[in-house]
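The structure under discussion appears below in the form of structure tokens.
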Amino acid sequence: MPAGPGLFLAMASEGGHASFPFQSPEEYEFHEFLKRRLGQPYAWGDVVLSGSGLVALHAFLTGQEWSAQAVSADAPQTSETHRWFSRLYGRACRNLALETYATGGVYVTGGVAAKNPHFVTSDAFREEFHLSPTYADLLARIAAQTQEELLSVIQRVHRIDGVKHSETMLAMATPVEYRSLPLVQHVTQRRTK
């Protein structure tokens with residue numbers, strides 16, 4: 001989240017545990033397949049967009065049980081598995097961008113994206129990311145990037161007074177009793193004094 005000129009604030013989230021937004025009859029069939037496979041009432045983002053999700057998607061589409069490494073190595077950008085996975089990834093990133101009004105960009109991280117950048121640089125990802133009947137113009141201005149870009153942002157975040165880094169998250173060194181916009185205003189006011 002922007003925190004002033006050239007400054008960013010990392011916001012914690014557990015959005016990957018929210019139910020995944022399947023949208024077509026074929027995707028609903030995949031959702032039913034996942035629910036049976038997981039023994040759970042619904043599939044969530046972290047299950048769909050992970051190595052195990054890639055394995056499950058490939059099994060659903062082809063009937064073949066392969067490892068995540070085998071699927072990603074054998075999933076050229078023209079394969080159905082690649083198109084589906086890229087499209088689902090693009091949708092999750094689009095939803096995040098719209099839910100958070102991420103005009104500063106969406107930074108894609110995690111094992112799947114780091115090991116398989118082709119999933120997030122494909123046409124299927126870009127097309128789904130920019131697909132919106134109401135905010136296509138906003139989404140066209142948001143560049144979904146990768147882990148390398150995130151490191152640059154993290155370095156800028158570390159320059160904000162009061163921010164420290166732990167192994168799992170960025171945190172304020174001194175707790176501030178504000179949320180979102182007031183917190184950003186508080187941090188930026190401290191920087192200008």
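The values are calculated or read from the model by the stated rules, or taken from the named source; none is laboratory data. A quick note: this is a predicted structure, and the numbers were derived from the prediction, not measured. Every residue, glycine among them, receives a Cβ derived from its backbone with ideal geometry; neighbour counts consider all protein chains shown. Areas reflect the complete protein model, heavy atoms only, side chains present, ligands, DNA and RNA absent. Shrake-Rupley method; radii C 1.70, N 1.55, O 1.52, S 1.80 Å.
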| request: Quantify, in whole percent, the carbon and sulfur part of the accessible surface of the range 70-143 (1.4 Å probe; protein heavy atoms only). | output: 54
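Can you give the convex hull volume of the alpha carbon atoms of the range 88-148 per residue, in Å³? Don't jump to the answer; show the numbers that get you there.
Details: hull volume 4.5 nm³, N = 61.
Convex hull volume per residue, Cα atoms: 74 Å³.
Suppose R0 equals 25 Å. What FRET efficiency, 1/(1 + (r/R0)^6) with r the Cβ-Cβ distance, do Ser24 and Glu99 give to the nearest 0.05?
0.75
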| Around Trp44, which amide H atoms from residues at least 5 apart in sequence, or from another chain, sit under 5 Å from its own amide H, with H modelled in the peptide plane? | Phe20
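Residues with beta-carbon under 10 Å from that of Arg91, excluding Arg91: net charge, scoring Lys, Arg +1 and Asp, Glu -1?
Numbers: positive: Arg87, Arg94; negative: Glu27, Glu128.
Neighbourhood net charge equals 0.
How many Å² of accessible area per residue for the range 1-100, probe 1.4 Å?
Here the residues of the range 1-100 average 52 Å² of exposed surface.
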| Volume in Å³ per residue [convex hull over Cα atoms, computed for the range 22-139] | 109
